[in-house]
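Novice: Take a look at this one; I'll ask things after.
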Amino acid sequence: MLLTVVEVVCVLAVLYGVAAIYVPAALILGGLLGVVAVEQKLAVPSATHRKEPGS
């Protein structure tokens, strides 16, 4: 959990730095990083296993 918080804070700091220079680039970068974060979250197998129908 702590690692996730540190990662989010670092990403926000980088986005803030990019936004200080060029806002559209920060929006594009934020969108790409959001997609990567969702893909990483979906790639991790869930802790609960679903029963298959008929089992």
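Novice: Kindly indicate which of 5, 14 is at pLDDT below 90, in a helix (DSSP H, G or I) and within 15 Å of the chain's Cα centre (by Cα).
Specialist: Answer to the selection: 5.
Novice: List, please: which pairs have Cβ atoms under 7 Å, are six or more places apart or on different chains, and start with a residue in the range 1-16 that is within 10 Å of residue 30 (Cβ to Cβ) and end with one that is assigned to a helix (DSSP H, G or I) and not aromatic (Phe, Trp, Tyr)?
Specialist: As it stands, the answer is 11/33; 15/26; 15/29; 15/30, since those pairs meet every condition given.
The values are calculated or read from the model by the stated rules, or taken from the named source; none is laboratory data. Predicted, not measured: the structure shown is a model, and the values here were computed from it. Glycine also receives a Cβ, built like all others from the backbone with ideal geometry; neighbour counts cover every protein chain displayed.
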